Each structure stands twice: as structure tokens, then as C-alpha cells.
Amino acid sequence: MITPAKISPATLAKLAKLGIHHRADLLLHLPLRYEDETHLAPIETLQAGETAQVEGIITHNEVAYRPRRTLVCRLQDNSGELYLRFLNFYPSQIKQLAVGQKIRAIGEARMGYYGMEMVHPKCRAGGEDTPLQQSLTPIYPTTAGLAQAVLRKLINNALETIPLTDTLPAALRQKLHLADFADSLRLLHNPTPDIAASALEERNHAAWQRIKFDELLAQQLSMRVHHQERNKRKAPKLAAKKLLTQQLLQALPYQLTKAQQKVLKEINLDIAKTHPMQRLLLGDVGSGKTVVAALAALQAIENGYQVAFMAPTEILAEQHYLKLQEWLQPLGLAPVWLSGSLKKKDKTAAIDHIAAGTTQIAVGTHALFQTSVTFKNLGLVIVDEQHKFGVQQRLALRNKGKATAPDLQKSIEPHQLMMSATPIPRTLAMSYYADLDVSTIDELPPGRTPIVTKLVSDARRAEVFERVRAACLAGRQAYWVCPLIEESDALEVELQNAIATHQQLTEALPELKVGLAHGRLPPAEKAAVMAAFKAGELHLLVATTVIEVGVDVPNASLMVIDHAERMGLAQLHQLRGRVGRGAAESMCVLLFMQPLSELARERLKVIYENTDGFIIAQQDLQLRGPGELLGARQSGVAMLRFADLTEDEDLLEQARSVADELLRDAPDVARAHLQRWMANKHDFLHV
Ligand code: ADP
Ligand code: MG
């Protein structure tokens with residue numbers, strides 16, 4: 001028996017890289033694909049694109065130098081011949097493939113210059129004494145220096161020695177037509193000879209269905225457990241007193257939409273409870289989330305608690321600050337502004353106000369969760385564009401409520417309201433966001449005019465200049481968004497680009513006042529440019545993607561996005577949402593550079609054909625997978641390894657209802673199942 005003690009530290013380190021920390025983890029390290037070494041295909045029958053194993057005699061062996069050093073061999077069996085090509089090879093391979101050798105090769109056939117060929121096939125000596133495999137050969141996800149054979153041996157050992165008890169009761173398996181766990185696992189690691197590789201690779205074989213179901217069930221269970229635990233924690237009761245909130249409602253120049261009223265009510269009720277709210281407020285760009293957040297903040301304030309209002313960028317945070325000042329000052333409240341770029345003196349003053357409780361609401365960027373910031377009595381945390389923040393950052397803010405309220409019960413924590421304009425497709429909401437409560441604003445304020453979207457090739461840039469000129473001379477305003485740069489020195493290039501574009505536009509449009517806003521501008525200057533644009537003193541605002549989120553200038557009705565092919569769907573949708581906020585007919589011009597990659601073409605098509613953020617998000621999920629939608633890189637959310645949210649919606653539905661059932665009727669079963677799947681995976685949990 002191989003015990004961890006017998007595995008070398010170097011191998012252990014490589015296994016850890018694959019997420020394998022315990023022997024039981026080996027069981028769930030499942031093959032990525034399979035190679036079929038169970039039979040030999042006659043060379044004549046090979047089809048391009050097909051992976052096959054062939055056997056024959058080497059009849060030619062040559063190192064060719066055009067276009068680059070390549071080992072070219074010809075393999076012949078009694079049906080035909082095939083070229084084997086190697087771009088990287090060792091001298092030993094030239095020998096192994098010497099003329100006259102009997103060779104077995106496995107690889108993907110394709111049509112090459114001289115006829116059918118395989119590039120970098122796996123080769124070994126052939127002949128009668130080399131038995132064929134009895135079943136498909138599993139190919140595991142691995143890492144450099146960890147051979148398939150080593151992994152296979154470790155996994156098979158784990159399969160033989162670890163009990164594979166089924167975590168699900170037989171009755172439940174029968175009801176759901178689920179295969180047995182042990183059988184499924186064994187079959188996936190060592191398929192029986194009668195199974196075709198395609199049946200397993202499509203992942204709709206019963207064995208895969210079982211594993212995927214188990215994975216989804218574990219995810220659902222952990223989310224539910226987390227949700228239940230939250231309900232055991234304490235938060236301040238922020239009852240709706242309708243004092244300050246009523247005053248703001250009366251001062252607003254508009255009525256809340258039905259949708260705004262509905263979500264506000266959900267929030268009102270939630271924060272009046274004594275356990276922490278964790279609510280996600282979803283609403284498309286321009287749906288009016290800010291005022292809802294402000295009203296929630298006022299409810300906390302009228303109960304004597306403080307509010308932290310956080311946004312991911314300085315521009316957005318500052319805009320919220322200005323808006324809140326406009327709304328709250330007449331009510332006798334004094335918001336403070338806190339950002340990393342404040343002068344030391346001002347920062348200290350802000351921090352003092354927050355600690356002393358002389359301010360009721362602090363608005364800012366991530367500077368708000370620095371350790372030097374302590375609240376007197378934080379009751380509500382509002383996070384705009386929540387997906388831009390990492391889990392750690394939100395945790396830090398939540399803990400501020402605890403650490404700094406000595407007069408309150410120790411475990412008390414603030415309510416959390418997270419906002420996002422990135423709609424969450426149903427399956428994502430059901431899985432990764434299952435522990436959050438979601439409120440959706442599904443209606444835009446009245447009086448918006450639809451935005452016309454145009455796709456224009458960069459070759460017609462001059463025409464776009466004319467369009468900008470015409471719109472601005474007609475009294476409207478425009479944005480010109482500079483291309484996104486992805487290289488390592490992105491910021492510098494982005495800056496140069498923005499400056500060059502600004503100059504180009506200033507020269508081409510001498511009769512217009514053109515402003516420039518980019519990430520490197522000192523905050524005061526940036527604020528001045530934004531204010532001038534807002535006041536209508538600038539016709540055209542050239543900007544890097546700093547304006548991506550939240551900027552609100554209703555008179556702006558033309559948006560030009562330069563190099564739109566480089567941007568993601570969510571970003572394009574957000575940017576486009578900056579126009580169409582007033583009564584004027586609005587237009588978004590997507591300037592793109594030829595040639596377009598397949599993905600870029602697909603994205604531009606989606607954004608051109610759709611205006612509904614929900615549909616765009618759904619398409620985005622299909623194009624990119626959930627990782628990027630969730631901002632997984634920074635949030636640390638563990639991805640599903642086997643189930644696929646775009647394909648396994650039915651399984652997810654089942655898993656969801658079974659999770660509820662188990663937690664209610666069979667908590668032991670739930671615990672055992674979680675233990676198998678989640679023993680070390682706290683990263684499935686949200687904060
Ligand atoms: P987002 O949801 O994208 O954050 P905002 O809160 O910035 O949207 O609101 C977008 C615009 O809609 C703002 O100009 C805001 O004043 C306006 N607005 C919000 N609610 C209403 C409403 N009920 N009626 C009319 N205009 C509204
Ligand atoms: Mg907003």
C-alpha cells in the first residue's frame with residue numbers, strides 16, 4: 001500500500017499543485033480524457049481529426065530543415081502509409097524511429113502537405129509481444145514532472161484501499177436514477193472495454209452524471225449551511241422609522257419606480273432583523289440603484305448607526321460622495337470622503353470623524369477597510385460593483401463592525417448590501433450566489449430613449465469624428481473611450497494612448513472643447529474634468545476605462561468605444577449604459593480593428609443585437625464560463641470541477657431540492673456528503 005510517507009516530498013508538492021492534499025483527494029481527481037489503445041487502426045482508414053493507434057514499419061527517417069528542424073518519418077502497414085513529424089525531438093528518438101523498426105504510434109491524424117500525418121504522436125516499440133490495452137487509458141490533469149503513470153498508480157491504489165461508501169441512501173439514488181458512487185468512480189478511472197471514449201468525454205455517461213450531481217449537491221449543501229450559520233450571527237436591528245428616509249423621498253425630483261420600491265421594501269425588512277443581511281442588489285446599468293442604497297443608509301442612520309459606502313474606483317466613489325452630500329446635507333447629515341489619495345491631514349480628519357461617530361456615513365474606495373479606520377458603530381456596509389472586490393476586502397469591512405463596538409455584544413456585525421449591474425444568469429445565482437439573498441430591479445426609470453448601437457470599422461474613423469462634431473454642435477455631449485491595453489506595462493501604454501487620442505481629437509475637432517480623464521490624473525484634476533463635463537463646459541470627454549462604472553451625465557448621448565474588440569461583454573454593456581440617460585436619442589459607436597478574432601466577433605455580435613443586460617450576461621457565461629463573470633481570480637471562489645453550469649442546469653435543480661431535503665430530514669447524510677467533497681475546501685464558501 002502506498003502511504004503518503006512513501007511518496008517523495010517532490011511528488012507531494014506536485015500533487016498539492018493539483019489540489020490533492022489527502023489520499024481521498026486522489027479519488028476525485030478524474031480523467032480529463034481517454035486514449036484508446038485497445039485496438040490498432042489500419043492506416044488506410046484514418047480520418048483527419050481522429051485520434052487513433054496504428055502500428056507499422058518505419059520506412060523513412062530524415063531530419064529536415066525547412067521550415068524548421070523537424071524529424072520526419074514514414075510509417076507503413078499493409079494498408080497504407082503515414083508521416084510522423086516531430087518539431088522537438090531527442091537524438092534517442094531518431095534512433096528509436098530508425099528505418100526497419102516496428103512502431104506503435106498514437107496521435108491525431110491530420111492532412112499534411114505529403115498526405116496523412118501525425119504531429120508528435122506517442123510512439124513505442126510495436127510487435128506481437130506488446131499487448132493491446134484492455135480498456136481505455138485515462139489521461140489525468142497533471143503538472144510538469146508528474147507522469148501519468150505515477151498518478152495512475154497512486155489513484156488506483158487509493159481506489160483499492162479507501163472505502164467508497166455511497167453518501168446517498170439507496171432510496172434517494174433510485175428516485176433520482178443515480179448510478180452507484182463506487183461503480184461510477186471505478187468506471188471513470190478504469191473504463192470497461194465496452195465503453196467508447198466519446199461516451200465518457202461528452203460527460204453525459206451515467207457515471208459522470210453521478211459525479212456531477214454529487215459535486216453540485218455538495219456545493220448546494222455548503223451554501224445552505226453557510227446561510228443557516230449566518231442566521232445565527234447577530235446584527236443591529238435597524239427598524240424602518242421613516243424619519244430621514246421620508247424626507248429624502250419627498251425631496252427627490254422623481255417617484256421611485258415600482259421595482260425600486262419592491263427592492264427597498266425587501267431591504268427594509270431585512271435590516272430590521274437581528275441577524276446580518278447579505279443581500280445582493282442587482283439592477284441593470286441606469287436602473288437607479290444609488291437612491292435605493294441611500295435610502296437603506298438613512299434607515300441605518302435613523303437608528304443611530306453608521307454606514308460605510310464603498311466603490312471600486314475613485315471616480316465612482318467620489319460621484320457617490322457628491323450625490324450623497326447633495327441628498328443628505330439638507331437632512332443635517334455630514335458624509336465624509338475617504339480615499340487613498342487624500343492628503344495626510346484630510347485623511348486623519350476623516351478617520352477621526354469616523355472613529356468619533358461625528359459622521360454618520362463614510363464614502364470611499366478600498367481605503368475604507370484599512371486597519372487604521374475604525375467605526376464607532378457600523379451598522380450597514382454598502383458595496384457598489386461588488387464583483388470588483390475580493391472576498392478578503394469584504395470580510396475586512398464586516399469585521400470592522402465587530403472589533404469596534406465594545407459596548408455591543410461581541411459577535412455583532414453589520415448588515416451588508418452589495419450592488420451589481422452585472423446580472424447573474426439563473427444557474428450562477430442558484431449555485432455560487434446561493435447563500436446570498438438577491439433583490440432585482442427589473443425596470444428602468446421612465447423616459448429613457450433606446451440606445452442605437454453601431455459597429456464601425458476603424459477604417460471609417462474619420463466619419464465617426466464627424467458624427468461627434470455633429471452631435472456636440474447640436475448641443476449634446478459625447479464620450480470617447482480609449483482602448484484597453486492588456487500588456488504588462490498597460491498603465492503606461494494606456495496613458496500614452498489616451499493622451500494621443502485626446503490630441504488627435506482636439507486637432508480634428510477644433511470647434512469643440514475636449515477634456516481628458518485617465519487613471520493617472522491627480523484626483524483633484526480628475527474631479528475638475530468630470531465636474532466640467534457634468535456642467536456641460538466640455539463637449540467631449542476622452543477617457544480611459546475609468547469611466548466604466550457609474551458615471552452619470554444625462555446630457556451625454558454619444559458614446560464612442562475605441563478598439564471595442566478588446567473589451568469584454570460586461571464592460572461594453574456598462575460603458576454603453578453611460579448614454580441613453582436623458583431624453584435625447586442616444587448612440588453607441590463600437591469602433592473595431594480588423595481582423596477580428598472569433599471571440600471578439602462573437603462578443604460584438606452579442607452587444608450589437610442585445611440591450612438587455614440579463615441576456616448579455618447569459619451569453620457572456622456561455623462565451624467565457626463562470627470564472628470571469630464571478631471575478632474568481634480575486635474572489636477565490638472555487639470553480640466547479642466537473643459540472644458545467646451551462647449544460648447541467650437540470651442536475652443543478654435536482655441538487656438544490658435534494659440539498660434542502662437532506663438538511664431538513666437527514667442532516668447526517670448531508671454532513672457525510674459534505675465531508676467527502678468539501679473536507680478542505682473552505683473556498684466554496686462566501687463571506
Ligand atoms: P445605477 O443603477 O446604474 O447605479 P443610478 O443610480 O446611477 O443607476 O441612476 C441612474 C439615473 O437614473 C440617475 O440619473 C438617477 O438620478 C436616475 N433615477 C434613479 N431613479 C429614478 C426614478 N425612479 N425616476 C427617474 N430617474 C431616476
Ligand atoms: Mg451605479
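The values are calculated or read from the model by the stated rules, or taken from the named source; none is laboratory data. A quick note: this is a predicted structure, and the numbers were derived from the prediction, not measured. FYI the Cβ positions are ideal-geometry reconstructions off the backbone, even for glycines, and counts take in every protein chain you see. Note: areas computed on protein heavy atoms with side chains; ligands, DNA, RNA excluded. Shrake-Rupley method; radii C 1.70, N 1.55, O 1.52, S 1.80 Å.
Of all residues in the range 192-229, exactly one satisfies the criterion of being in contact with a His (Cβ under 9 Å, 6 or more places away or on another chain) and not in a helix (DSSP H, G or I), namely I195. Would you point out which residue out of G357, G286, G332 is within 16 Å of ligand 2 (Cβ to nearest atom) and of a type in the set (G, A, S)? Within the list G357, G286, G332, the selection yields G286. The residue pairs whose first member lies in the range 465-484 and is under 15 Å from V553 (Cα atoms), whose second member is open to solvent by 30 Å² or more (accessible area, probe 1.4 Å) and among the hydrophobic types (A, V, I, L, M, F, W, C), and whose beta carbons are closer than 7 Å, counting only pairs six or more residues apart or on different chains, are R476/A584.
For (1) touching a helix residue (DSSP H, G or I) at 6+ places or on another chain (Cβ under 7 Å); (2) not in a strand (DSSP E or B), each residue gets a yes or a no:
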{"position": "Q416", "(1), (2)": "yes, no"}
{"position": "T422", "(1), (2)": "yes, yes"}
{"position": "V452", "(1), (2)": "no, no"}
{"position": "V456", "(1), (2)": "yes, no"}
{"position": "V464", "(1), (2)": "no, yes"}
{"position": "E494", "(1), (2)": "no, yes"}
{"position": "A524", "(1), (2)": "no, yes"}
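For the range 559-575, check the following and say yes or no: at least one residue is more than 16 Å from ligand 2 (Cβ to nearest atom), crowded, with 22+ Cβ neighbours inside 10 Å, at pLDDT below 90 and not in a helix (DSSP H, G or I). So far as the range 559-575 goes, yes, one or more of its residues are more than 16 Å from ligand 2 (Cβ to nearest atom), crowded, with 22+ Cβ neighbours inside 10 Å, at pLDDT below 90 and not in a helix (DSSP H, G or I). Among the conditions (1) more than 13 Å from ligand 1 (Cβ to nearest atom); (2) farther than 15 Å from R461 by Cβ, the only one that A564 does not satisfy is (2). Scanning the range 258-310 for residues that are of a type in the set (S, T, N, Q), open to solvent by 10 Å² or more (accessible area, probe 1.4 Å) and within 15 Å of ligand 1 (Cβ to nearest atom) turns up Q261, T290.
Residues in the range 422-447 that are small (G, A, S) and either surrounded by fewer than 18 Cβ atoms within 10 Å (Cβ to Cβ) or at pLDDT 80 or above (or both): A429, S439, G447. Among the residues of the range 113-138, the one identified as modelled with pLDDT under 80 and surrounded by 13 or more Cβ atoms within 10 Å (Cβ to Cβ) is G126.
For every residue, the table says whether it meets (1) among the acidic types (D, E); (2) not in a strand (DSSP E or B).
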site: Y34; (1), (2): no, no
site: T38; (1), (2): no, yes
site: A41; (1), (2): no, yes
site: E44; (1), (2): yes, yes
site: A52; (1), (2): no, no
site: V63; (1), (2): no, no
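For the range 533-541, the count of residues that are part of a helix (DSSP H, G or I) and within 16 Å of ligand 2 (Cβ to nearest atom) is nonzero.
Tell me which residues, restricted to the range 289-328, are in contact (Cβ under 8 Å) with a residue 24 or more places away in the chain, more than 14 Å from ligand 2 (Cβ to nearest atom) and acidic (D, E). Correct list: E302, E314. If you go through the range 311-326 and keep only what is open to solvent by less than 40 Å² (accessible area, probe 1.4 Å), part of a helix (DSSP H, G or I) and within 12 Å of ligand 1 (Cβ to nearest atom), you end up with L316, Q319, H320, L324.
Taking every residue in the range 566-582 that is under 13 Å from P450 (Cβ atoms) and assigned by TED's automatic domain parsing to the domain that holds R476 and pairing it with any residue that is within 13 Å of ligand 2 (Cβ to nearest atom) and open to solvent by 10 Å² or more (accessible area, probe 1.4 Å), at least 6 positions away or on another chain, the pairs with Cβ-Cβ distances below 6 Å are G577/V285; G577/G286; R581/G286.
Please enumerate the residues belonging to the range 242-257 that are within 14 Å of A297 (Cβ to Cβ) and either within 16 Å of ligand 2 (Cβ to nearest atom) or surrounded by fewer than 14 Cβ atoms within 10 Å (Cβ to Cβ) (or both). If the condition is that a residue be within 14 Å of A297 (Cβ to Cβ) and either within 16 Å of ligand 2 (Cβ to nearest atom) or surrounded by fewer than 14 Cβ atoms within 10 Å (Cβ to Cβ) (or both), then L243 is the only one that fits. Please verify whether L604 is part of a helix (DSSP H, G or I) and within 16 Å of ligand 1 (Cβ to nearest atom), treating the condition exactly as stated. Criteria not met by L604.
Kindly provide the set of residues from the range 147-179 that are touching a His at 6+ places or on another chain (Cβ under 8 Å) and open to solvent by 30 Å² or more (accessible area, probe 1.4 Å), ordered by number.
As a first pass, look at the range 147-179 and keep what is touching a His at 6+ places or on another chain (Cβ under 8 Å): 151, 155-156, 159, 167-168.
The answer is N156, and nothing else.
Scanning the range 232-244 for any residue that is in a helix (DSSP H, G or I) and in contact (Cβ under 8 Å) with a residue 24 or more places away in the chain turns up at least one such residue.
Restricting attention to the range 180-203 and to residues that are polar (S, T, N, Q) and surrounded by 11 or more Cβ atoms within 10 Å (Cβ to Cβ), the residue that is modelled with the lowest pLDDT turns out to be N190.
Consider only pairs whose beta carbons are under 9 Å apart and that are at least six residues apart or on different chains; among these, list those whose first residue lies in the range 522-534 and is loosely packed, with under 14 Cβ neighbours inside 10 Å and whose second residue is in a helix (DSSP H, G or I). Listed pairs, sorted by first residue: A531/L322.
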